[in-house]
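Right, one structure below, let's go through it.
The values are calculated or read from the model by the stated rules, or taken from the named source; none is laboratory data. These figures come from a predicted structure and were not determined experimentally. Neighbour counts run over all protein chains shown; Cβ positions are idealised from the backbone, glycine included.
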Amino acid sequence: MLSTVHQDEEKKVSDVLSSISDIKSVQLLRAISLLNADSDILMSELNLTPKGFYTRMNRLLKVGVIERRNARYYLTSFGKIVLHAQHTIDSALLSYWKLRALDSFVATNGLPVEEFNKLTETLIEDKELRSIIRQHKD
């Protein structure tokens with residue numbers, strides 16, 4: 001059975017993922033990272049209604065990925081990590097079919113570690129993705 005502390009951590013992860021689960025929230029987080037702008041600029045840039053904007057901003061504020069200072073929004077240190085995770089997911093999506101090919105090849109051939117690393121190096125250009133794949137090789 002999961003401990004209460006572990007369940008609380010999972011709830012927080014779920015809350016963070018939920019706060020960036022729609023395209024406008026993803027765009028909003030990226031815009032904040034680039035613009036450090038006020039509400040009017042962000043709403044205009046993303047073509048959001050005030051209700052849509054403030055609903056998303058409240059979720060992002062509540063989970064701690066952004067903060068408001070001097071009428072402008074900024075990423076928190078935690079928010080920078082969340083944005084980095086989004087970039088990693090973007091990179092994985094761009095390499096999706098190569099990742100699938102790697103999985104397929106490994107499943108049918110059962111590669112030794114050295115050959116697996118060589119194949120990963122050949123197929124996957126992104127160094128961070130290669131590192132993640134190597135860390136979690138089954």
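A few comments on the model shown:
- Checked against (1) of a type outside the set (A, V, I, L, M); (2) farther than 24 Å from residue 17 by Cα; (3) in the same structural domain as residue 12 (by TED's automatic domain parsing), residue 53 passes all but condition (2).
- The number of residues in the range 73-119 being within 17 Å of the chain's Cα centre (by Cα) and in a helix (DSSP H, G or I) comes to 19.
- Checking each residue in the range 22-46 for being hydrophobic (A, V, I, L, M, F, W, C) and free of Cβ contacts under 8 Å to residues at least 60 places away in the same chain picks out 23, 28, 29, 31, 32, 34, 35, 37, 41, 42, 43, 46.
- Scan the range 33-48 for residues that are closer than 18 Å to residue 75 by Cβ and of a type in the set (S, T, N, Q) and the total you get is 3.
- There is at least one residue in the range 89-101 that is more than 30 Å from residue 19 (Cα to Cα) and either β-branched (Val, Ile, Thr) or without any contact (Cβ under 8 Å) to a residue 40 or more places away in the chain (or both).
- If only residues of the range 120-135 that are within 20 Å of the chain's Cα centre (by Cα) and surrounded by 13 or more Cβ atoms within 10 Å (Cβ to Cβ) are counted, the one that is farthest from residue 14 (Cα to Cα) is 124.
- Residue check, residue 108 among the β-branched types (Val, Ile, Thr) and surrounded by fewer than 11 Cβ atoms within 10 Å (Cβ to Cβ): yes
- Looking across the range 77-108, just one residue is hydrophobic (A, V, I, L, M, F, W, C), farther than 25 Å from residue 31 by Cα and in contact with a helix residue (DSSP H, G or I) (Cβ under 6 Å, 6 or more places away or on another chain), and that is 102.
- Single residue of the range 65-84 satisfying the filter (of a type in the set (Gly, Ala, Ser) and modelled with pLDDT of 95 or more) that is surrounded by the fewest Cβ atoms within 10 Å (Cβ to Cβ): 77
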